[in-house]
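Asks: Handing you this structure, nothing more for now.
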Amino acid sequence: MDIKARVYLQSNQNECGLCAIAALASVYGFIQPIEFYRKKFFIGRDGLTLASLKEILKSIYFIPTVEKTGSLQVEDLKKKAPCILFLKHHYVMFEKIHKEMCYIIDPAIGKQKITLEELNHKFGGYVITVKKETGFKQYRTKESDFRYIKKMFQELAIVLSGVSLISIISNIITVIIPVLLQKIVDTLLYSSEMNAINHRIYLCLVLMLIVYIAIIEAQNRSLVYLQCRIMSKLSYGVSQHLLKIKYAFFDSKNSADILFRLNLLKNVEQTLSTMILSLIMGLSTVFVIFTYFCFYDTRIALILGITSIGIGLYVYVINEKLSKVNEKYILKSRKFEGTQTEIILNSFQIKSMGIEQYFSKKIDSDFTNYKKAYKRNQNVVMRFNANINTLEIFFPIVLIAAYVCTGMRIKSLGELLVIYILISFFVKHEAITINSLIQLARLKPSLFFINDILDEHEIELGGNETIEKFEKLEVKNLEFKYNDNQELILKDINLTVKRGQKVAIVGISGEGKTTLIKILCRLYDAIYGDIQINGKDISEIIHKSYFDIFNIVSQQAVIFNATIRENILLGLPDITDDRILNILQTVNFYDDVKNMPMGLDTVISNQNNNLSGGQIQKIAIARCLIRNPQILILDEATSSLDIQNEMEIHRNLKKLGITLLVISHRLSTIVDSDMIYYMRNGRIQESGTHEELMLAQRGYYSLYCKSIN
């Protein structure tokens, strides 16, 4: 096989299997972007099993074979290459073995060369080889990492054209000034009619100064406008996009990964804003000066053209190396920043458990790798910049010397100055242009992670039905799984919640209770079955209408770095403090707020450092109640409260006539429920009132007795 394997990097940990498949398929000529595999095979939050991996390979016309082996041997690997290796909880693509060094493509870090001993140390015991099936066809789809940037610039084409035109005009003036300098110098040295010529020159200079100031002002304004448009397209656009994509994106990634992408976005935005300015100025200057020399002396123009081509070839060669070292730097930076974020977000657990030493070693290892990658990246960049700077300094002198040595005569000192100044300008702005293009190329690894966000399709909020008054929620034959290739998590779920009822869903951890709630909140779609409100399928109900009657309080109550009032209202207009205080009485938080010196204006830390877990949960419940929900889901929403507070809040909610759907491991709080559903193995195995289920003496009875004991 002559086709070189392509590197596919994982955007999150559960994608290593997909990336290994994509890399292996590319060796056989089936080259598709990773987005192709994501669309075709939804892997969810849990990654790929070996069985799932085989199914995916079959779907693209490969015959996969999974072999279990204790260790990897040289001759065996030579026969099996290329193949996929299962390491410890990780898939990689094995390319070849040469001089006892193994060449692998690791989706986490890219191409890697390690010893057979190191590979065996990481080996997880499985090798996946493939053969082409009848019907296999080579297929190549090229997808640029700059696809969204290109689209953005196409939308800004008119603005870019205007800025470029203004830059060309300003650079024409820049060329005229050295020509005037030639006139002044030659007049001073050779002319006897100094006064008349000087008056004309001075008049031209004054006129050009006025025009130049006006042009520069227009140029600056247009550039600021362009930079603001870039900000709107990137920072604002991506933030809006994040609000419109599926929850599965957030569920399959940790916070550090998403924050890392947003930090990269800021860097990309700043680089693009600076680079566009430099690129427009550089290209327009090079164009104007080259055009001038085409009319002035074609030999100089020819030398400049050949030099530019040579520099272009050098940049093309060095660019691949720059991209590779920058890619490794970005990946190491991602890991280091991820560890930093973990330490900040989990400072309480780290300090309270006394595990600072563990994280100290972890950050030491990550920083060492990050520093090595940074050092290598900077060495390559600085070496390149040094070469360009050397060219910038010496090229004008060398060119003029070559020009003179070939027998060409320079007529005057003024002419020499013009040639030197314009060539210096040309080389300087060519260097600026090259630097801008290099910066653009170096954005490629960053764009990989940003594209991961932009590739997510926005949810289409369909539906044209509204719900004025909630009467009944019905779940019929519902089934669900997170991964296209895994077993069902929820199986044949049927339940009913009527207006004014308190309904509880109970069971041991991991039975799918919270997953069911996520589906009810429209965070995921069921793969089979129906969910109806008042007989209308929830997909037909307008998004806003649905959440006007429906609200949820989860175990992980979300608190923002704002006042208690702002945390409860979250933008709701025209709500009085009296209304807020009444709600706080319902959730037993009124006295706490009254005892705070600043009352409702007390600022809460978004890390929940200045309130207890129970107080945070009370604020979260109050936030829902202020919106007058007709049905309220409590998913372990009072787990941090003492039993007395918890039961009192439940009684207060029932008095308000709000329909309650409760998930709780504290079964003493749900014994008064109108209906209890007991879940086991992803199914509802029992349903009834507390008394009925206790009399049956089955799963619920056993669970309740254990909770009481």
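Asks: Could you pull out every one of the helices (runs of 4 or more DSSP H) wholly within segment 604-707 that has 2 or more residues that are assigned by TED's automatic domain parsing to the domain that holds residue 587, touching a Leu at 6+ places or on another chain (Cβ under 8 Å) and of a type outside the set (Ser, Thr, Tyr)?
Replies: 613-625, 643-655
Asks: On the given criteria, is residue 194 over 30 Å from residue 73 (Cα atoms), modelled with pLDDT of 75 or more and hydrophobic (A, V, I, L, M, F, W, C)?
Replies: no
Asks: Do we have any residue at all in segment 266-285 that's outside any helix (DSSP H, G or I) and either under 30 Å from residue 456 (Cβ atoms) or assigned by TED's automatic domain parsing to the domain that holds residue 151 (or both)?
Replies: No; the residues of segment 266-285 include none that is outside any helix (DSSP H, G or I) and either under 30 Å from residue 456 (Cβ atoms) or assigned by TED's automatic domain parsing to the domain that holds residue 151 (or both).
Asks: Here is a check on your reading of the model: is residue 512 at pLDDT below 90 and crowded, with 19+ Cβ neighbours inside 10 Å?
Replies: yes
Asks: When you look at residue 601, is it assigned by TED's automatic domain parsing to the domain that holds residue 680, surrounded by fewer than 16 Cβ atoms within 10 Å (Cβ to Cβ) and closer than 30 Å to residue 484 by Cα, yes or no?
Replies: Criteria not met by residue 601.
Asks: I've got another one for you. Looking only at segment 293-312, decide whether some residue is among the polar types (S, T, N, Q) and surrounded by 16 or more Cβ atoms within 10 Å (Cβ to Cβ).
Replies: yes
Asks: Give segment 439-481 a look and list any residue that's assigned to a loop (DSSP other than H, G, I, E, B) and surrounded by fewer than 17 Cβ atoms within 10 Å (Cβ to Cβ), or say none. So that I can check it myself, show each step before the final result.
Replies: Going through segment 439-481, the residues assigned to a loop (DSSP other than H, G, I, E, B) turn out to be 443, 455-457, 459-464, 466-471, 481.
Answer for segment 439-481, where residues must be assigned to a loop (DSSP other than H, G, I, E, B) and surrounded by fewer than 17 Cβ atoms within 10 Å (Cβ to Cβ): 457, 459, 460, 461, 462, 464, 466, 468, 469, 471.
Asks: Output the number of the condition that residue 103 fails; it satisfies all remaining conditions of (1) within 26 Å of residue 61 (Cβ to Cβ); (2) over 30 Å from the mean Cα position of the chain (by Cα).
Replies: (2)
Asks: For segment 238-275, name all the residues that are of a type outside the set (Lys, Arg) and within 15 Å of residue 339 (Cα to Cα).
Replies: 254, 255, 256, 257, 258, 259, 260, 263
Asks: So, in segment 346-369, of the ones that are aliphatic (A, V, I, L, M) and surrounded by 11 or more Cβ atoms within 10 Å (Cβ to Cβ), which residue ends up modelled with the highest pLDDT?
Replies: Taking segment 346-369 as the starting set, the residues that turn out to be aliphatic (A, V, I, L, M) are 350, 353, 355, 363.
Of the ones still in play, those that are also surrounded by 11 or more Cβ atoms within 10 Å (Cβ to Cβ) are 350, 355, 363.
Working: 350: 78, 355: 79, 363: 87.
Here the residue is 363.
Asks: Would you mention how many residues in segment 69-89 are under 25 Å from residue 484 (Cα atoms), surrounded by fewer than 18 Cβ atoms within 10 Å (Cβ to Cβ) and not aliphatic (A, V, I, L, M)?
Replies: 2
Asks: Hey, does segment 82-99 have a residue that's outside the structural domain of residue 445 (by TED's automatic domain parsing) and at positive phi?
Replies: Within segment 82-99 (the criterion being outside the structural domain of residue 445 (by TED's automatic domain parsing) and at positive phi), the answer is yes, since at least one residue qualifies.
Asks: Looking only at segment 587-631, count how many residues are more than 38 Å from the chain's Cα centre (by Cα), among the hydrophobic types (A, V, I, L, M, F, W, C) and over 19 Å from residue 555 (Cβ atoms).
Replies: 3
Asks: If you don't mind, another one. Select from segment 567-580 the residues that are within 21 Å of residue 632 (Cα to Cα) and surrounded by fewer than 16 Cβ atoms within 10 Å (Cβ to Cβ) and write down the one among them that is modelled with the highest pLDDT. Don't jump to the end; show me each part of the working.
Replies: The first filter runs over segment 567-580 and keeps only residues within 21 Å of residue 632 (Cα to Cα), leaving 567-572, 575, 579-580.
The next check asks that each one be surrounded by fewer than 16 Cβ atoms within 10 Å (Cβ to Cβ); those that pass are 570-572, 575, 579.
Values: 570: 86, 571: 81, 572: 84, 575: 88, 579: 92.
Among those that are within 21 Å of residue 632 (Cα to Cα) and surrounded by fewer than 16 Cβ atoms within 10 Å (Cβ to Cβ), it is 579.
Asks: Only one of 600, 611, 656, 641 is out of contact with any Pro (no Cβ under 7 Å at 6 or more places or on another chain), hydrophobic (A, V, I, L, M, F, W, C) and under 18 Å from residue 501 (Cα atoms); which?
Replies: Values: 600 fails: under 18 Å from residue 501 (Cα atoms); 611 fails: under 18 Å from residue 501 (Cα atoms); 641 fails: under 18 Å from residue 501 (Cα atoms).
The unique qualifying residue is 656.
Asks: If we scan segment 34-46, do we find a residue that is under 27 Å from residue 116 (Cβ atoms), under 25 Å from the mean Cα position of the chain (by Cα) and crowded, with 19+ Cβ neighbours inside 10 Å?
Replies: No, that holds for no residue.
Asks: For the structure I just gave you, tell me whether residue 5 is more than 22 Å from the chain's Cα centre (by Cα), outside any loop (DSSP other than H, G, I, E, B) and in contact (Cβ under 8 Å) with a residue 24 or more places away in the chain.
Replies: No; evaluated as a whole, the condition is false for this residue.
Asks: To continue, here is another question. Could you check segment 237-265 and list, in sequence order, the residues that are of a type in the set (Lys, Arg) and part of a strand (DSSP E or B)? Steps first, answer last, please.
Replies: The initial filter retains those residues of segment 237-265 that are of a type in the set (Lys, Arg), namely 244, 246, 253, 261.
Those that are of a type in the set (Lys, Arg) and part of a strand (DSSP E or B): none in segment 237-265.
Asks: Can I ask one more? Limited to segment 206-255, what total is found for residues that are modelled with pLDDT under 80, among the small types (Gly, Ala, Ser) and farther than 23 Å from residue 148 by Cβ?
Replies: Residues in segment 206-255 being modelled with pLDDT under 80, among the small types (Gly, Ala, Ser) and farther than 23 Å from residue 148 by Cβ: 1 in total.
The values are calculated or read from the model by the stated rules, or taken from the named source; none is laboratory data. The structure presented is a predicted model; accordingly, all values stated were derived computationally and were not measured. Every residue, glycine as well, gets a Cβ built from its backbone with ideal geometry; the counts of neighbours run over all protein chains shown.
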